[in-house]
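One structure is given here, and the rest of the page talks about it.
The values are calculated or read from the model by the stated rules, or taken from the named source; none is laboratory data. Just so it is clear, the model here is predicted, and its values are computed rather than measured. We place every Cβ from the backbone using ideal geometry, glycine too, and count neighbours over all the protein chains shown. Only protein heavy atoms, including side chains, enter the accessible area calculation; ligands, DNA and RNA are left aside. Shrake-Rupley method; radii C 1.70, N 1.55, O 1.52, S 1.80 Å.
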Amino acid sequence: MNQPQNQGPSAGFDFNYPTIISILYLLSFVTGLTGIIGIILAYVWRGDNPGGWEASHYTYHIRTFWYGLLGSVVAVILTIVVIGIFIGMAVAVWVIIRSVVSLLKAQKREAIADPQTLWI
């Protein structure tokens, strides 16, 4: 007799689009270039799939990239007065936390509650 299968999240690691972008952002701390690939994919995939739980992740990722880049530029400029080092570390932690939050929610196929926020 056939039993209904669970339609929830899979038991394994789900490589959905927001997960891939999160991983690329996290890898950018090692490679330096995968963040650019991540932002390009976020814009492309946002255009392909405008609805559903993934849409909030694309907005969240796009804002994370651009504000992270802005914070990094400010940090580099302010490095001459030393405070830029601390700003750079804070920006890195902020990007890592936001990427991990998105990764965890994407694995559960949950939307980001407020993708427009700059908070975590």
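If the condition is being open to solvent by less than 60 Å² (accessible area, probe 1.4 Å), among the hydrophobic types (A, V, I, L, M, F, W, C) and either farther than 12 Å from Pro18 by Cα or not in a loop (DSSP other than H, G, I, E, B) (or both), then the stretch 91-120 contributes Val91, Ala92, Trp94, Val95, Val100, Val101, Leu103, Ala106.
Annotation note: Cβ proximity below 7 Å between a residue of the stretch 73-102 that is on the phi < 0 side of the Ramachandran plot and a residue that is at pLDDT below 95 and outside any helix (DSSP H, G or I) (sequence gap 6+ or interchain) occurs for Ile97/Ile120; Arg98/Ile120; Val101/Ile120. Within the stretch 26-79, being open to solvent by less than 30 Å² (accessible area, probe 1.4 Å), of a type in the set (A, V, I, L, M, F, W, C) and over 20 Å from Ala113 (Cβ atoms) holds for Ile39, Ala75.
Do we find that Ile85 is under 19 Å from Val100 (Cβ atoms), open to solvent by less than 90 Å² (accessible area, probe 1.4 Å) and of a type in the set (Val, Ile, Thr) in this structure? When the stated conditions are applied, Ile85 does not pass them.
Applying a threshold of 8 Å to beta carbon distances and a minimum spacing of six or more residues, or different chains, the list of pairs starting in the stretch 2-27 at a residue that is assigned to a loop (DSSP other than H, G, I, E, B) and ending at one that is at pLDDT 95 or above and among the hydrophobic types (A, V, I, L, M, F, W, C) reads Asp14/Ala106; Asn16/Ala106.
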